[in-house]
Each structure stands twice: as C-alpha cells, then as structure tokens.
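Engineer: Take this structure first; my questions come after.
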Amino acid sequence: MNISITKTQNPKVKPEASTLGFGKFFTDHMFMMDYSREKGWYDARIIPFANLSLHPASTVLHYGSEIFEGLKAYRRKDGEVQLFRPMENIRRMNNSAERLCLPTIPEDLAFEVLTKFVQMEKEWTPSAEGTSLYLRPFMFGNDETLGVHAVHNATFVIIASPVGSYYKEGINPVKIMIEDEDVRAVRGGTGYAKCGGNYAASNRAGERAEQKGYSQVLWLDGVERKYIEEVGAMNVMFKINGEIITPMLSGSILPGITRKSCIEVLKKAGYTVTERLLSVDELSAAMENGTLEEAWGCGTAAVVSPIGELCYKGVKYAVNDGKIGEVTQKLYDTLTGIQWGKTPDTFGWTVQI
Ligand SMILES: *Cc1c(COP(=O)(O)O)cnc(C)c1O
C-alpha cells in the first residue's frame with residue numbers, strides 16, 4: 001500500500017531522559033489509515049502528530065469499540081533500533097479485532113506500516129539505560145450513527161512515546177491485593193482481547209487497592225472468584241515448591257507476549273513450567289506453609305515485576321522476604337538483555353528497523 005508522508009513543519013524538542021515517565025511525551029508524527037466495508041483499508045498516511053476529529057455519534061464514544069496494542073522499540077548499544085516480537089502483537093491485535101467486530105489488518109500490511117512508522121520516528125528512540133520508544137497502535141469503530149451493530153467504518157492509528165526506565169531506583173517488589181469483589185473479565189467475554197473496555201471495568205478495584213497502599217490487584221476468575229487470573233494489567237507467575245505455575249489461557253486472560261517469552265526462556269533453561277488453573281486456596285496454602293518461593297507479574301512495560309507482598313481477605317503474606325527472587329531476576333536479565341541487544345538473541349525474537 002502507498003503510504004503518504006507529510007512531515008511536520010514544527011519538530012519538537014526531545015525531552016531529557018530523566019523526565020520521560022510513561023506516555024507523557026509523543027513524537028512528531030503519527031500513522032493513520034481508515035477502513036470502510038466498501039473500500040477496505042485506505043488512505044494510509046504518516047502525518048504530523050495532532051488531535052483527532054470525531055463525529056459526536058462516532059461508535060467508539062458510545063459503544064466502546066476500541067482495541068489497542070503496546071510494544072517497544074529499543075535502542076541497542078551499537079545505536080541500532082529493534083522491535084521485540086512485533087508479529088505477536090500484530091496477530092493478537094487481529095484476534096482482538098475479531099472479538100470486537102472490528103476489521104482485521106492483513107499481517108504483512110500491519111507489519112509494513114508499523115516498521116515504516118518506526119523508521120520515520122527512529123531518532124526519538126532514547127538511549128539512556130532502561131528507556132525505550134513505546135508504540136501504541138489502536139483501532140476504533142467510527143460509524144457516524146447511533147445504531148448498534150458491527151461497525152462499517154474504522155480508524156487505525158499508531159502513536160509513539162519515548163518512555164523512561166520502569167525501574168529508576170532499582171527493582172522494587174510490589175504489594176498486591178487479591179480482589180474478591182470486582183472481576184476484570186469472564187470467559188466468553190473480552191478478557192483475551194486487548195480492549196479499552198476491560199480497563200474501564202478494572203479501574204475501580206485498582207483505585208481501592210491504591211487507597212489501601214497496594215500497587216495493583218490480583219484478579220480472580222469472574223464465575224467462582226476462585227482461580228487466579230492476572231495482576232493489574234500484567235500476567236502472573238508463581239514458583240511453588242520448585243514448580244513454576246502460571247494461569248492457563250482460559251479465555252478471560254490476556255495472552256501476554258512477555259508471558260509467552262518467559263515460558264519459553266524458562267523451559268529452555270530447564271525449568272518446569274505448568275500452565276493450569278491455580279486456585280486462591282492453593283496459593284494461600286502455599287503462602288502459609290512457606291512453599292511459595294517467588295511471585296511476579298510480567299508485561300511489556302515492566303518486563304517482570306516481582307511481588308513482595310500479597311494480601312488476601314485482610315491477611316498479609318510476605319513473598320521471599322519482600323525481595324526479588326532468583327528466577328525473577330534471571331528472567332529480567334535474559335529478556336532485557338535480548339530487548340536492548342546486550343545479549344545474543346538466540347530465539348530470533350528481535351527485528352531490526
Ligand atoms: C497487555 C496486557 C498484558 C501483558 O501483555 P504483554 O504482551 O506481555 O505486554 C497482560 N494483561 C493485560 C490485561 C494486558 O492488557
């Protein structure tokens with residue numbers, strides 16, 4: 001597809017690495033293309049970063065037809081820029097689109113526009129330790145009518161944001177509260193899709209946990225409130241009595257690319273990794289009898305985030321004395337090594353831009 005390019009007349013001053021934070025600054029350009037049932041995807045364009053203009057009846061504003069992705073471009077020590085498993089994001093986006101009745105994007109077209117856009121914004125990829133260029137592709141239904149139905153028109157956008165190191169003061173284990181009231185998703189719902197609606201539904205529990213001094217909630221399944229699902233917006237893994245356990249992809253859990261990568265790294269290193277149902281009762285028994293050795297969340301933003309304390313029904317349990325565990329540290333070092341090009345990518349996961 002022909003991608004038209006309009007360069008900005010007012011390039012921005014790039015922020016200092018120390019001020020980056022997450023999602024506060026945006027690059028000079030954005031990618032956009034539109035979809036209609038008649039034309040398919042059309043009008044692919046890279047344009048100066050600007051506000052969007054939407055019809056007040058636009059589907060997304062009323063019925064929440066929105067999906068997104070999150071991946072990073074990493075600056076290697078040799079100055080080159082690379083992506084981590086971008087095809088995984090593209091495939092997952094299409095699975096999300098299918099669930100929400102949004103149009104899919106042919107994989108090679110999605111790859112082409114993503115890499116062209118990153119090439120255009122490449123110099124925005126920061127080089128300070130732990131920093132990266134966060135890419136946020138998103139798609140929304142954009143019919144100009146209040147009728148309720150699968151959309152006929154959609155818009156796909158990619159924006160990019162230079163982001164700071166997640167761990168500025170070293171890796172600090174987080175405190176997590178097990179949520180037994182609100183649920184994030186149910187099987188048959190949209191839990192496996194990366195859609196904005198899942199986030200809207202989970203904010204209340206997150207707020208409540210924060211007020212009590214916890215950084216995230218650990219979600220239980222929506223039917224029985226019995227099985228562990230995810231932690232905040234990350235997948236979760238436990239090491240119990242030498243075995244690494246992560247909730248299986250039951251339909252209500254987001255299939256994280258970091259989760260998948262952790263499993264592959266661990267298996268290659270000879271660990272036993274089991275994807276299965278893990279009940280909160282089994283977990284609290286392991287916390288009580290001391291067999292819970294490590295716990296961590298995993299996702300693109302933090303890579304891995306060690307859990308130092310879990311609270312369930314008002315009872316607090318320390319995990320590994322509140323310190324990062326050996327497996328958690330090894331995963332962090334292996335994945336970040338590959339992502340920032342510090343160690344050879346023996347998995348073939350990186351794509352140079
Ligand atoms: C994006 C996301 C994850 C992590 O997925 P990655 O591909 O590893 O970044 C986990 N859970 C939820 C709910 C998410 O939205």
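Engineer: So, Lys239, is that one of a type in the set (D, E, K, R), away from the ligand (no atom under 12 Å from the Cβ) and buried (at least 23 other Cβ atoms within 10 Å of the Cβ) or not?
Structural biologist: yes
Engineer: Report whether or not Ile257 is under 30 Å from Pro126 (Cα atoms), within 15 Å of the ligand (Cβ to nearest atom) and surrounded by 20 or more Cβ atoms within 10 Å (Cβ to Cβ). Can you show your working first?
Structural biologist: Numbers: under 30 Å from Pro126 (Cα atoms): yes; within 15 Å of the ligand (Cβ to nearest atom): yes; surrounded by 20 or more Cβ atoms within 10 Å (Cβ to Cβ): yes.
So Ile257 passes the test.
Engineer: While we're looking at this one, here's another question. Do we have any residue at all in segment 82-103 that's more than 14 Å from the ligand (Cβ to nearest atom), more than 19 Å from the chain's Cα centre (by Cα), of a type in the set (A, V, I, L, M, F, W, C) and surrounded by fewer than 16 Cβ atoms within 10 Å (Cβ to Cβ)?
Structural biologist: yes
Engineer: So, in segment 170-203, exactly how many residues are away from the ligand (no atom under 15 Å from the Cβ), of a type outside the set (A, V, I, L, M) and closer than 22 Å to Lys316 by Cβ?
Structural biologist: Total meeting the criteria: 5.
Engineer: Among the residues of segment 260-273 satisfying the criterion of being surrounded by 14 or more Cβ atoms within 10 Å (Cβ to Cβ) and not in a helix (DSSP H, G or I), which is nearest to the ligand (Cβ to nearest atom)?
Structural biologist: Within segment 260-273, the subset surrounded by 14 or more Cβ atoms within 10 Å (Cβ to Cβ) is 260-263, 265-266, 271, 273.
If we keep only those that are not in a helix (DSSP H, G or I) as well, we get 271, 273.
On the way: Tyr271: 19, Val273: 16 Å.
Looking at residues that are surrounded by 14 or more Cβ atoms within 10 Å (Cβ to Cβ) and not in a helix (DSSP H, G or I), I get Val273.
Engineer: Also: Residues to consider are Leu278, Leu331; find the one that is touching a Pro at 6+ places or on another chain (Cβ under 8 Å) and among the aliphatic types (A, V, I, L, M).
Structural biologist: On the way: Leu331 fails: touching a Pro at 6+ places or on another chain (Cβ under 8 Å).
Among Leu278, Leu331, only Leu278 is touching a Pro at 6+ places or on another chain (Cβ under 8 Å) and among the aliphatic types (A, V, I, L, M).
Engineer: A further question on this structure: Among the residues of segment 204-225, count how many are among the polar types (S, T, N, Q) and either within 12 Å of the ligand (Cβ to nearest atom) or farther than 21 Å from Ile253 by Cα (or both). Even if it seems obvious, please write down each step before you answer.
Structural biologist: Residues of segment 204-225 that are among the polar types (S, T, N, Q), as a first pass: 211, 215-216.
From the residues that got through so far, the ones that are either within 12 Å of the ligand (Cβ to nearest atom) or farther than 21 Å from Ile253 by Cα (or both) too are 211, 216.
Of the residues in segment 204-225, 2 are among the polar types (S, T, N, Q) and either within 12 Å of the ligand (Cβ to nearest atom) or farther than 21 Å from Ile253 by Cα (or both).
Engineer: Name the one entry in Glu16, Glu38 that is more than 30 Å from Tyr167 (Cα to Cα), among the acidic types (Asp, Glu) and either touching a helix residue (DSSP H, G or I) at 6+ places or on another chain (Cβ under 8 Å) or without any contact (Cβ under 8 Å) to a residue 24 or more places away in the chain (or both). Don't jump to the end; show me each part of the working.
Structural biologist: Details: Glu16 fails: more than 30 Å from Tyr167 (Cα to Cα).
When all the criteria are applied, what remains is Glu38.
Engineer: Looking at Phe140, is it closer than 20 Å to His29 by Cβ, in a strand (DSSP E or B), in contact (Cβ under 8 Å) with a residue 12 or more places away in the chain and over 16 Å from the mean Cα position of the chain (by Cα)?
Structural biologist: Working: closer than 20 Å to His29 by Cβ: yes; in a strand (DSSP E or B): yes; in contact (Cβ under 8 Å) with a residue 12 or more places away in the chain: yes; over 16 Å from the mean Cα position of the chain (by Cα): yes.
Here the answer is yes, as Phe140 does meet what is asked.
Engineer: Taking the condition in a loop (DSSP other than H, G, I, E, B), of a type in the set (Phe, Trp, Tyr), within 16 Å of the ligand (Cβ to nearest atom) and on the phi < 0 side of the Ramachandran plot, does Phe22 pass? Give the steps one after another, and end with the answer.
Structural biologist: Working: in a loop (DSSP other than H, G, I, E, B): yes; of a type in the set (Phe, Trp, Tyr): yes; within 16 Å of the ligand (Cβ to nearest atom): yes; on the phi < 0 side of the Ramachandran plot: yes.
Here the answer is yes, as Phe22 does meet what is asked.
Engineer: Can you name the condition, by its number, that Pro11 falls short on among (1) farther than 23 Å from Leu109 by Cβ; (2) free of Cβ contacts under 8 Å to residues at least 60 places away in the same chain; (3) surrounded by 14 or more Cβ atoms within 10 Å (Cβ to Cβ)?
Structural biologist: (3)
Engineer: Then there is this: Any idea which of (1) closer than 28 Å to Asn95 by Cβ; (2) under 18 Å from the mean Cα position of the chain (by Cα) is the one Tyr271 doesn't satisfy?
Structural biologist: (2)
Read the figures in this text as sums done on the coordinates, not as results from a lab. Everything numeric here is computed off the predicted structure, so don't read it as measured data. FYI the Cβ positions are ideal-geometry reconstructions off the backbone, even for glycines, and counts take in every protein chain you see.
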